[in-house]
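What follows is one structure encoded as structure tokens, with my remarks underneath.
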Amino acid sequence: RAALAAQARTLAARGAGRVVAACTEVVLALDPALVPVPLVDPARLLAREVVRVALAGGSGPAARLGAEPHLGETR
């Protein structure tokens, strides 16, 4: 956990505006409070988009994929 947090801080120090936890296990191990930039959880992003499309009836303009950039962030 400490190593993941250190790497996330290094990325932020190098100019990263976000850290994408591109593996489900990373989100479980990395505390967002230890990361100085937003931590993006791809599974959360996907789940929110699936619900949005389903609630839009699965068709038409409201169902088009193209999630907002802030969706899936843990803060």
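A few notes on this one:
- Cβ separations smaller than 8 Å between residues 6+ apart or across chains give the following pairs from segment 1-29 residues that are more than 20 Å from R44 (Cβ to Cβ) to residues that are of a type in the set (A, V, I, L, M, F, W, C) and in a helix (DSSP H, G or I): R9/L34.
- Answer residue from segment 1-46, given it is among the β-branched types (V, I, T) and at pLDDT 90 or above and is farthest from the chain's Cα centre (by Cα) among those: T10
- Qualifying residue in segment 47-64 (condition: in a strand (DSSP E or B) and either out of contact with any Asp or Glu (no Cβ under 6 Å at 6 or more places or on another chain) or at pLDDT 85 or above (or both)): no
- Picking from residues in segment 12-30 that are out of contact with any Leu (no Cβ under 9 Å at 6 or more places or on another chain) and not hydrophobic (A, V, I, L, M, F, W, C), the one that is nearest to R1 (Cα to Cα) is E25.
The values are calculated or read from the model by the stated rules, or taken from the named source; none is laboratory data. All values reported here derive from a predicted model rather than from experimental measurement. No Cβ is skipped: glycine too gets one built from the backbone with ideal geometry, and neighbour counts run over all protein chains shown.
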